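J.: The following block contains the structure, expressed as structure tokens.
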Amino acid sequence: MTHPRTSPATPGADTAADPLTDHATGAGPRPAAGPSQPVPDTTTLAATTPAELRDHVTARLDDPARGWLRRALDEATAHPGTHGPISVWELRIAEAGRRCGPEHADAARVLILHAARADAEALSRVYYQGTGAERRAVLYALPHLVPGPEGLPLVEDALRTNDTRLLTAAVGPYAARHLDAHQWRHALLKCLFTGVPVDAVADLDRRAEGDTELARMLTDYAAERTAAGRTVPADLHRVLTLTDPPATPSAPAADHG
């Protein structure tokens, strides 16, 4: 099935806060304060096992939100796949921001997708019909649910946007595993252009190592910005060093005058 190249989805009510890390207020019950251990960052969402993620999130939800998530996961487990025009677990994905709060909505949606054993077709439907927040959850879930390259159209769609939170989700482990060299280089440049920290790029060191074409593209980009009187992102020099450490000039010193 061919999907149109859509513009970024309208952000949902829970798009104002970073998944798991922001603590902005939003609709629905506010999760209770949890244990003091560090909260996973956005990249961890794509790498954490469902069991670990569930333990982490349920420890931080208040009783109503915890009960809602348990029921949603039970429903998804009992009725996986696709049933009719829309499955019950898809409805729960739409409710997650209101039920679990913006801090934990992405994680709740990822858990529901896992419980429903959503395949590439189901993930595509959720992605193309969903809000920006729901699209992020699909991207985070891809590495565990789609072993092959079938999910690449979703990553490619996200990389065409300028939504930095969607871009951050798009350059995770699935992209590192399946984007070809040309696509991956342009994804990295998109991060630099939009200000997405390269720490979000999964497997950066391995993929950048010895990549002379990437080095050329980065050098050209730096020269363009310098000629235009614009600052060269510090992350650019970091990645350039990864491509060929001995040949990379040092980043210009900051002007403290």
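The values are calculated or read from the model by the stated rules, or taken from the named source; none is laboratory data. These numbers come from a predicted model, not from an experiment. Virtual Cβ from ideal backbone geometry, glycine too; neighbours counted across all protein chains shown. Please note that ligands, DNA and RNA were not included when accessible areas were found on the heavy atoms of the full protein model with its side chains. Shrake-Rupley method; radii C 1.70, N 1.55, O 1.52, S 1.80 Å.
J.: What do the square roots of 5 times the Cα gyration tensor eigenvalues come to for the stretch 181-224, in whole Å, largest first, as semi-axes of the equivalent ellipsoid? Mind showing how you got there, number by number?
T.: Numbers: eigenvalues 45, 40, 14 Å².
Listed largest to smallest, the semi-axes of the stretch 181-224 are 15, 14, 8 Å.
J.: Treat the stretch 41-183 as a sphere of radius equal to its Kirkwood radius over Cα pairs and apply Stokes-Einstein at 37 °C in a medium of 0.692 mPa s; give the translational diffusion coefficient in µm²/s, rounded to a whole number.
T.: Rounded to a whole number, D works out at 219 µm²/s.
J.: Next up: For the stretch 113-257, would you read off the P(r) tail past 28 Å as a percentage of all alpha carbon pairs?
T.: For the stretch 113-257, the share of Cα pairs beyond 28 Å comes to 25 percent.
J.: Measure off 7 Å from each Cα along the Cα-to-Cβ vector at Glu52 and Glu150, then give the distance between these two points in nanometres to one decimal.
T.: 2.6 nm
J.: Can you work out the accessible area per residue across the stretch 52-207, with the rest of the protein chains kept in place, probe 1.4 Å, in square angstrom?
T.: On the way: 5850 Å² over 156 residues.
Value returned for the stretch 52-207: 38 Å² of accessible area per residue.
J.: With a 1.4 Å probe and all protein chains kept in place, how much accessible area does Asp235 have, in Å² rounded to the nearest 10?
T.: Asp235 exposes around 50 Å² with every protein chain in place.
J.: Here's a follow-up. Tell me, what ³J(HN,Hα) does each residue in the stretch 58-75 have, in order and in whole Hz, if you take phi through Karplus 6.51 cos²θ - 1.76 cosθ + 1.60 with θ = phi - 60° and put x for Gly and Pro?
T.: 5, 5, 10, 8, 6, 4, x, 5, 5, x, 4, 5, 4, 5, 5, 5, 4, 4
J.: Could I ask something else about it? Which far-off residues, 5 or more places away or on another chain, put their amide H under 5 Å from the one on Val146, with H placed in the peptide plane?
T.: Close amide H contacts, sequence-distant or interchain: none at all.
J.: In nm, to one decimal, how far is the Arg71 label point from the Asp119 one, both placed 7 Å along Cα→Cβ?
T.: So the label points at Arg71 and Asp119 sit 3.0 nm apart.
J.: Taking the alpha carbon gyration tensor of the stretch 169-246, what are the square roots of 5 times its eigenvalues, largest first, to the nearest whole Å?
T.: 20, 14, 11
J.: I would also like to ask the following. List the pair-distance distribution P(r) of the stretch 100-175, using every Cα-Cα distance, as the percent of pairs falling in each 10 Å bin from 0 up to the bin containing the longest distance, rounded to whole percents.
T.: In order of increasing distance, the bins hold 21, 60, 19, 0 percent.
J.: Suppose each label sits 7 Å from its Cα in the direction of the beta carbon; what would the Arg206-His79 distance come out to in nanometres?
T.: Output for this residue pair reads 4.0 nm.
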